[in-house]
1. Calculated from DSSP H runs of 4 or more alone, at -39500 (n - 2.57) each and per residue, what is the 222 nm mean residue ellipticity of chain B, nearest 500?
2. Between B:Lys327 and B:Gln109, what length in nm is gained on full extension when 0.36 nm per residue of separation is reduced by their alpha carbon distance?
3. Give me the lysines in straight-line cross-link reach of A:Lys254: C-alpha distance below 22 Å, same-chain residues under 8 apart excluded.
4. Among the chymotrypsin sites (Phe, Trp or Tyr not before Pro) within region A:199-277, which fall in a DSSP loop and have no more than 16 other Cβ atoms within 10 Å of their own Cβ?
5. Compute the label-point distances linking B:Lys56 to its equivalents in the other copies; points lie 7 Å from Cα along Cα→Cβ; give nm, one decimal, shortest first.
6. For region B:185-227, list log₁₀ I(q)/I(0) at each q in 0.15, 0.21, 0.30, 0.33 Å⁻¹, using the Debye formula over Cα point scatterers of equal strength and ignoring solvent, two decimals each.
7. Rounded if a/c is under 1.5, else prolate if a/b beats b/c, else oblate: with a ≥ b ≥ c from the C-alpha gyration tensor eigenvalues square-rooted, which is region B:159-287?
8. By counting other Cβ atoms within 10 Å of each Cβ, how are A:Leu281, A:Leu88, A:Leu252 ranked from fewest to most?
2 protein chains.
Amino acid sequence: MASIRDVAKLAGVSPATVSRVMNGTANVTEEKREKVLRAISETDFVPNEVARTLFKKSSKTIGFIIPSIQNPYFTQMADVIDRAAKELGFRILLCNVEHDLDRERSAIQMLISANADGIIIASNNSELQHELSQCEIPVVILDSLFRTKDVNAYIYCNYYQGGMMAAEHLHKCGCRKIVCIKGPQQLFTAQARYQGYVDFCEDNGIEQHSIECDYDFHAGMAVTEELLSSYPDVDGIIACNDIVAISIYKILHKRNISVPEQIQLIGFDDVHLSSLISPELTTIHQPIEEMGRKAISIICDPEGLEKRGKQFVFPVHLIERETTCMKKPL
Amino acid sequence: MASIRDVAKLAGVSPATVSRVMNGTANVTEEKREKVLRAISETDFVPNEVARTLFKKSSKTIGFIIPSIQNPYFTQMADVIDRAAKELGFRILLCNVEHDLDRERSAIQMLISANADGIIIASNNSELQHELSQCEIPVVILDSLFRTKDVNAYIYCNYYQGGMMAAEHLHKCGCRKIVCIKGPQQLFTAQARYQGYVDFCEDNGIEQHSIECDYDFHAGMAVTEELLSSYPDVDGIIACNDIVAISIYKILHKRNISVPEQIQLIGFDDVHLSSLISPELTTIHQPIEEMGRKAISIICDPEGLEKRGKQFVFPVHLIERETTCMKKPL
DNA sequence: CTGAAAGCGCTTACAG
DNA sequence: CTGAAAGCGCTTACAG
């Protein structure tokens with residue numbers, strides 16, 4: 001690997017001059033400029049980003065910490081964030097922590113010590129307050145609401161309303177025994193969605209039934225078995241997210257229970273997959289694209305500074321597809 | 001952010017001593033050790049990884065370059081690689097390049113200049129030879145076979161055999177008009193699979209029919225429309241991967257064409273999703289776990305050195321599920 | 001316009 | 001055992 005000194009020597013100039021032509025940070029005589037350029041290409045020189053970062057204290061990198069790389073909600077978000085960051089000259093360092101608190105901690109430490117310029121974290125663990133507070137770079141907390149320093153920004157959707165919408169939709173469609181497969185209740189997203197369901201039921205004098213379930217397909221399948229034996233007369237299911245909805249559907253299909261005729265089903269997130277499977281999933285749409293772009297703008301835009309310490313709540317909306325339908329009156 | 005000097009000052013020792021107790025790289029009197037440890041925790045000191053990397057020329061980071069984060073084959077692989085790397089004290093830097101050659105180039109440059117300790121690249125672009133050859137760190141090329149330096153290792157499956165197996169299976173199941181939805185033919189994976197199909201057809205005197213299709217669901221859906229109008233009497237479809245198979249199924253389902261009764265369908269990869277959807281997908285299984293672990297061991301294991309420059313070809317096998325079935329003899 | 005010098009925050013020979 | 005010094009590869013005041 002050629003270093004800046006090798007290039008300088010070959011071009012007959014000082015390292016400072018090489019640096020200046022590379023970065024266009026000062027005028028250099030055309031003659032030297034050309035010599036430098038030639039030397040760079042002859043040596044296949046690539047500046048060492050580590051040294052640069054050490055000096056500048058900025059790596060033009062933003063860490064994105066996600067709880068699971070297997071959940072398409074996060075990979076879609078990663079894709080959006082990636083593109084948005086690239087447009088502004090930043091790159092994304094994706095840290096998959098698989099719901100492990102220790103991995104989450106070490107991801108934060110790693111990002112700080114790697115001179116990341118910001119962190120977007122889709123975590124729900126309030127135990128990270130300490131780690132998150134000691135870091136001097138901007139942090140955007142996605143889908144969660146635990147308190148940290150005031151400089152951090154929060155981005156999430158109106159999950160409560162989403163939960164309500166889901167319940168209301170199934171009710172309107174004629175379901176009489178609606179079971180809510182709620183997500184892990186230590187998670188903000190799951191709590192809020194469930195609370196929406198609960199309040200809708202209370203407001204309308206509807207019985208409440210729920211089972212807790214992790215946000216992945218293994219859990220979804222296991223829970224469905226339990227659901228069917230506990231509530232043999234269920235006719236509407238609210239899943240905590242699309243992946244769980246898909247796994248619920250799988251079990252129903254296997255048992256020859258028809259959807260939506262016998263049981264109606266609604267998901268949450270509206271990941272691409274939800275309209276790819278058959279039948280297409282009725283679900284609550286989250287504006288993933290907008291959320292991701294907002295996160296990046298808070299960290300990378302110069303004007304983003306003003307947005308820190310604030311909460312950005314995005315609206316959700318119902319997407320009616322094929323797993324729900326208006327029941328014909330008897 | 002406290003630096004090693006701050007800690008040293010507080011503990012009344014030299015920075016060298018602080019470094020020694022942090023890294024356990026030399027004996028330090030118990031007394032000083034304790035002072036240092038206390039100073040570290042009082043200052044919330046986290047060593048700057050960038051400075052460390054600059055000195056050591058190793059970041060304990062391995063880059064994993066993938067063509068698309070939306071394809072679960074790659075996210076499953078990323079998950080495996082991530083875990084395997086972590087076990088050996090390395091971390092993964094996932095670079096999603098979305099099939100863009102420029103992004104691919106810059107990912108390689110970035111990894112080199114970030115002092116990555118190795119690169120695993122699932123790319124198919126032989127134009128990267130130059131970039132890949134100039135780098136002094138080990139490179140593992142996944143799912144591809146373009147020639148680079150001899151020190152690079154290659155990991156892939158017996159795709160040719162997979163293509164044959166798929167054709168053979170549909171033929172055995174009684175399909176008489178098999179259409180191969182082949183992947184982009186500049187890709188090694190796609191070529192080899194298609195060639196397997198072609199050779200099986202030739203060996204058995206079967207007509208060949210094929211349409212090219214990108215490895216994603218948009219392409220899959222578009223191609224299916226074309227397929228159905230060009231081959232109205234098709235009764236067997238070989239998809240280039242599971243995602244495309246799922247999108248093919250979607251269109252068939254929409255057209256009320258029953259699978260496997262009217263048309264049989266087989267995928268490739270055996271991603272988790274393929275057994276999650278309904279009906280479960282018959283597919284060709286790739287040993288993703290083993291492939292990922294092998295890639296990491298080549299880069300991170302001390303003995304991995306000997307494995308460089310070699311090719312590791314993994315076997316595939318047929319997984320019969322619900323989108324194919326033996327037709328009853330007429 | 002351009003070079004010598006200092007410094008980013010670590011680590012490791014080198015003395016003692 | 002421990003500190004002063006040099007150096008990893010850059011960049012940017014500071015002079016000239």
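Where a number appears in this text, it was derived from the coordinates with a stated rule and is not lab data. Keep in mind that what you see is a predicted model, and the values were worked out from it rather than measured. Using ideal geometry, Cβ is built from the backbone for each residue, glycine included, and neighbour counts are taken over all protein chains shown.
1. Working: 13 runs with 149 residues, N = 330.
Calculated at 222 nm, the ellipticity per residue is -14000 deg cm²/dmol.
2. Numbers: separation 218, 0.36 × 218 = 78.48 nm, distance 5.35 nm.
Gain in length upon complete extension: 73.1 nm.
3. Candidates past the 8-residue exclusion: A:Lys177, B:Lys250, B:Lys254, B:Lys327.
4. On the way: sites: A:Phe200, A:Tyr215, A:Phe217, A:Tyr249, A:Phe268; in loops: A:Tyr215.
Sites meeting the loop and neighbour criteria: none at all.
5. Label-point distances to the other copies, shortest first: 2.4 nm.
6. -0.44, -0.77, -1.02, -1.06
7. Numbers: a/c = 1.31, a/b = 1.12, b/c = 1.17.
Verdict is rounded for region B:159-287.
8. Working: A:Leu281 28, A:Leu88 15, A:Leu252 22.
Going from sparsest to densest Cβ surroundings: A:Leu88, A:Leu252, A:Leu281.
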